[in-house]
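Trainee: Dropping a structure here in structure tokens format, bear with me for questions.
Every number here is computed from the coordinates shown, using simple stated rules; none is lab data. For clarity, every value in this text was computed on a predicted model and none was experimentally measured. Cβ atoms come from the backbone with ideal geometry, glycine included; neighbour counts cover every protein chain shown.
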Amino acid sequence: MARKPTGTAKPAELQRFSRTLNKTRMAAIMGVVGLVFLAVARFFLPPQWVQIGLMAFLVGIVSALFSVGGTYLGNCPNCGAKAVYAHAFGSRSFKCRHCSKPIAVHRATEGLFFRRP
Ligand SMILES: [Zn+2]
């Protein structure tokens, strides 16, 4: 299991098919939330709210599909442990699960890099 130490300028790896998987998962979550909302709206709200809800729901799904990206695997810049970053809604930092220090995500032409904030 021992991996040779990696250089500092190595971009995080994009996991295969993760982009599609994350988008599908997000669409499924949005779909369930939307259906629950519509069911509630149908019973408790006037009909025009159902249409507004349906619109918001569709806009939500589309924007979710555009803002969700792939899952990246890299090394924590603080402790060197494996760190997984799922690109979603433009978040640019996350916490290391190992040392719980913040990791900044830096996008460059060579790829995505994990850095100390
Ligand atoms: Zn760490």
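Trainee: Just checking, which of L54, L65, L73, L35 is away from the ligand (no atom under 16 Å from the Cβ) and in contact (Cβ under 8 Å) with a residue 24 or more places away in the chain?
Mentor: On the way: L54 fails: in contact (Cβ under 8 Å) with a residue 24 or more places away in the chain; L73 fails: away from the ligand (no atom under 16 Å from the Cβ); L35 fails: in contact (Cβ under 8 Å) with a residue 24 or more places away in the chain.
Exactly one residue qualifies, and that residue is L65.
Trainee: Considering K23, K101, K82, K95, which residue is in contact with a helix residue (DSSP H, G or I) (Cβ under 9 Å, 6 or more places away or on another chain) and among the charged types (D, E, K, R)? Before you say what the answer is, go through the steps one by one.
Mentor: Details: K101 fails: in contact with a helix residue (DSSP H, G or I) (Cβ under 9 Å, 6 or more places away or on another chain); K82 fails: in contact with a helix residue (DSSP H, G or I) (Cβ under 9 Å, 6 or more places away or on another chain); K95 fails: in contact with a helix residue (DSSP H, G or I) (Cβ under 9 Å, 6 or more places away or on another chain).
Going through K23, K101, K82, K95 in turn, just one is in contact with a helix residue (DSSP H, G or I) (Cβ under 9 Å, 6 or more places away or on another chain) and among the charged types (D, E, K, R): K23.
Trainee: May I pose another question? Look through segment 104-117, keep the residues that are of a type in the set (G, A, S) and away from the ligand (no atom under 16 Å from the Cβ), and return whichever of them is farthest from T24 (Cα to Cα).
Mentor: Taking segment 104-117 as the starting set, the residues that turn out to be of a type in the set (G, A, S) are 104, 108, 111.
Filter once more, so that each one left must be away from the ligand (no atom under 16 Å from the Cβ): 108, 111.
Numbers: A108: 26, G111: 23 Å.
Across segment 104-117, the extreme among qualifying residues is A108.
Trainee: Can you find even one residue in segment 65-73 that is touching a helix residue (DSSP H, G or I) at 6+ places or on another chain (Cβ under 6 Å) and surrounded by fewer than 17 Cβ atoms within 10 Å (Cβ to Cβ)?
Mentor: Looking through segment 65-73, at least one residue is touching a helix residue (DSSP H, G or I) at 6+ places or on another chain (Cβ under 6 Å) and surrounded by fewer than 17 Cβ atoms within 10 Å (Cβ to Cβ).
Trainee: I would also like to ask the following. Of everything in segment 90-103 that's more than 11 Å from the ligand (Cβ to nearest atom) and without any contact (Cβ under 8 Å) to a residue 24 or more places away in the chain, which residue is surrounded by the fewest Cβ atoms within 10 Å (Cβ to Cβ)?
Mentor: Just the residues of segment 90-103 that are more than 11 Å from the ligand (Cβ to nearest atom), to begin with: 90-93.
Cutting the leftovers down to without any contact (Cβ under 8 Å) to a residue 24 or more places away in the chain gives us 90-92.
Working: G90: 7, S91: 11, R92: 11.
The selected residue is G90.
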